[in-house]
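Please read the structure below before turning to the comments.
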Amino acid sequence: MSNKIIVVGSSNTDLVLKTERFPKPGETILGGDFYTFQGGKGANQAVTAARAGGDVTFVCRLGNDTFGNDAINHYGKENIDVTSIFQDPTAPTGVAVITVNGEGENSIIVASGANALLNVEDVEKAIKNTGETNWFITQLETPIEVIVYLAKYAKDNNKNLVLNPAPAAVLSDEVYDGLFLITPNETETELLTGIKVVDELTASQACEIFKAKGVQNSIITLGSKGAYLSTESYTGIIESKKVKAIDTTAAGDVFNGALIVALSEGKNWKEAVEFACKAAAISVTRMGAQTSAPTRNEIDQ
């Protein structure tokens, strides 16, 4: 079985401005430090998977602009196959404008830009260009028709599709029926199933709903508590390492990126979730999204 991984998802340029307080409507204030980062859930997961040792192809749509060119150069340096990153001739690269106040609260505006134009033809080209691939992971920051196509493709061709349903959105039965694995957090689980996850029993009930819709396996991420795993071979909570968190940004993306690498390498379910929990635990001890993703050596140690 090929262990190549195709990540289909979003790529944004994050523009972060720190300020003591948010301005009132119509007010101009002087801020503090300014940072530019590569972001987007798809990109975060692709970078994590590559650093964790995965053979990664990233499929996204960027603008034919400075932000887009910078992103491609960045992903190439992360040892990601960038031949299936498409630059749109008309739409700009997606941007997230993030303001962070003195209390650490943030205000975010996202302009999806070219992310909203990723299409089925892009994914078809990527699959053809990449060759034999059994592992796919995607999120919900891309057009839903792309998700529907991936689910149908995975089911028809016996491929393993992992869906991280973030941000949560209503999904058709056709999507659920094509999933090898779904990986929501507690909030997303409640939005998708109507069940508020507060313990193992409610987590199990939510996973049964996913199973009834055709999902083969489910993992509900539980933050610092670890993750609840529901498969034929293992059911229960896998605890996370206890660490002092300083920034939980993208911890879920790091978990998913590391998880699919472990699965593609043939680790069993318990080992794979433990591997992903270690990666996520490391990430929350560091600032930023992609900047917090650990290397394979760091996870193994």
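Each of F34 and E232 was given a label point 7 Å from its Cα along the Cα-to-Cβ line. The distance between the two points is 5.6 nm. Using C-alpha pairs below 8 Å separated by at least 6 residues, the relative contact order for the range 66-111 is 27 percent.
Over all orientations, the range 155-196 has a Cα convex hull whose mean projected area works out to 2.9 square nanometres.
For T248 and E132, the difference between the fully extended length at 0.36 nm per residue and the C-alpha to C-alpha distance is 38.3 nm.
Spherically averaged projected area of the convex hull of Cα atoms, the range 83-231: 10.8 nm².
Placing +1 on the Cβ of every Lys and Arg and -1 on the Cβ of every Asp and Glu, with nothing else charged, gives the range 181-276 a dipole about its Cα centre of roughly 100 debye.
In terms of other Cβ atoms within 10 Å, V56, V197, V7 run from fewest to most in the order V197, V56, V7. Fully extending the segment from T66 to E265 would add 68.1 nm, taking 0.36 nm per residue of separation and subtracting the current Cα-Cα distance. Ranked by how many other Cβ atoms sit within 10 Å of their own Cβ, fewest first, the residues Y234, Y75 fall in the order Y234, Y75. The fewest-to-most ranking of V97, V8, V110, V284 by surrounding Cβ atoms within 10 Å reads V97, V110, V284, V8. Distance from the alpha carbon centroid of the range 163-240 to that of the range 1-26 works out to 24 angstrom.
Rounded to the nearest 20 debye, the dipole size of the range 1-147 about its Cα centre is 140 debye, using +1 on the Cβ of Lys and Arg and -1 on the Cβ of Asp and Glu. Its Cα gyration tensor gives the chain an equivalent ellipsoid, and the semi-axes of that ellipsoid, as √(5λ) in whole Å with the largest first, are 29, 24, 19. Given K18/K278; K77/K241; K77/K225; K211/K270, which pairs have Cα atoms separated by over 25 Å? In this structure, K18/K278; K77/K241; K77/K225 exceed 25 Å between Cα atoms. Between K125 and E200, the C-beta separation translates, for a Förster distance of 51 Å, into a calculated FRET efficiency of about 0.75.
Every number in this text was worked out from the coordinates using simple rules, so none of it is lab data. Owing to the predicted nature of the structure, the values given are computational and were not obtained by experimental measurement. With ideal geometry, Cβ positions are generated from the backbone for all residues, glycine too; neighbour counts draw on all protein chains shown.
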